[in-house]
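Single-structure report; data block below.
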Amino acid sequence: MTDQTTEASGPVQPAQTPTHSADLPPDPEAYDAPRAAQARARGLAAPYIAGGRDPQPEAGRREERFYLRILFAMVVVLVLSGFVIGIISKLLGA
């Protein structure tokens, strides 16, 4: 097999990861923030958890209750439809 690296491109250097801790001074208030405490409890290296605080939590809960009702109705319909199909097939003698 031939070596596909050329002398013009040179060897590939590994990507360097930026060190954010050296760029910024420590912030004691951010260390005590709830999100940072949760990140440390989970063993994460950085005090960051994707997501955030919901600005309208009641609207989100209302939407979740709506979808929970739909889910419950779908489960009931699926279970009952199995009984209905079984009864119809038994009546038809299949």
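The values are calculated or read from the model by the stated rules, or taken from the named source; none is laboratory data. Keep in mind that what you see is a predicted model, and the values were worked out from it rather than measured. Accessible surface areas use protein heavy atoms only, side chains included; no ligands, DNA or RNA. Shrake-Rupley method; radii C 1.70, N 1.55, O 1.52, S 1.80 Å.
Figure note: R35, R61, R42, R53 ranked by solvent-accessible area, largest first, 1.4 Å probe, ligands and nucleic acids not counted: R53, R42, R61, R35.
Net length available on complete extension from R53 to A73 is 4.2 nm, with 0.36 nm assigned per residue and the Cα-Cα distance removed.
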